[in-house]
Amino acid sequence: MSGNDGYYEVLWPRAPQQQKERALAPRLPSLEGKVIAQLWDELFKGDLVFDLLEEDFKKRFPATKFVSWRVFGSTHGDDEKEALAALPKKFKDMGVDAVISGMAC
């Protein structure tokens, strides 16, 4: 029997938070006439999902333009860190107003 009186030392399995929370970007009042980028990790049928989303969005917002996930390549893989770091400049250069990011689990 140990002399711990029913109390045990424990280790919290979660690491301290590494990044401070930031406020979300404000919502766009409408998607009409906006440029929407599609990002995908190339796993689980994103190609089909993005086609369906684009078709539906164009019915509701006819002047909306899309930049296909094919332009950006995969957001997952060996060069993931570099690919993600390059996105802000690409978005700015392409006039992107919003992003739909799809990933499989």
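The values are calculated or read from the model by the stated rules, or taken from the named source; none is laboratory data. All of these numbers come straight from a predicted model, not from anything done at the bench. Cβ atoms come from the backbone with ideal geometry, glycine included; neighbour counts cover every protein chain shown.
Search region 9-61 for residues being under 25 Å from P88 (Cα atoms) and of a type in the set (D, E), and hand back the single one that is modelled with the highest pLDDT.
Per the stated criteria, the residue is E32.
Go through region 1-31 and give me each residue that's of a type in the set (A, V, I, L, M) and in contact (Cβ under 8 Å) with a residue 24 or more places away in the chain.
Applying the first criterion (of a type in the set (A, V, I, L, M)) to region 1-31 yields 1, 10-11, 15, 23-25, 28, 31.
Passing the criteria: L28, L31.
Which of the residues spanning region 73-85 are assigned to a helix (DSSP H, G or I) and exposed (fewer than 12 other Cβ atoms within 10 Å of the Cβ)? Lay out the reasoning, then the answer.
Residues of region 73-85 that are assigned to a helix (DSSP H, G or I), as a first pass: 80-85.
K81, E82, A85, listed by residue number.
Given the conditions (1) assigned to a helix (DSSP H, G or I); (2) touching a Gly at 6+ places or on another chain (Cβ under 9 Å); (3) not charged (D, E, K, R), report the number of the one that P88 does not fulfil.
P88 satisfies all of (1) assigned to a helix (DSSP H, G or I); (2) touching a Gly at 6+ places or on another chain (Cβ under 9 Å); (3) not charged (D, E, K, R) except (2).
All but one of (1) exposed (fewer than 14 other Cβ atoms within 10 Å of the Cβ); (2) farther than 14 Å from L31 by Cα; (3) small (G, A, S) hold for G102, so report the exception by its number.
Among (1) exposed (fewer than 14 other Cβ atoms within 10 Å of the Cβ); (2) farther than 14 Å from L31 by Cα; (3) small (G, A, S), G102 violates only (1).
When region 20-67 is examined, which residues are found to be within 28 Å of D78 (Cα to Cα) and surrounded by fewer than 10 Cβ atoms within 10 Å (Cβ to Cβ)?
K20, E21, R22, L48
Find the residue count for region 47-92, including only residues that are acidic (D, E) and under 24 Å from P29 (Cβ atoms).
Just the residues of region 47-92 that are acidic (D, E), to begin with: 47, 51, 54-56, 78-80, 82.
Now drop any that are not under 24 Å from P29 (Cβ atoms), which leaves 54-56.
Of the residues in that region, 3 qualify.
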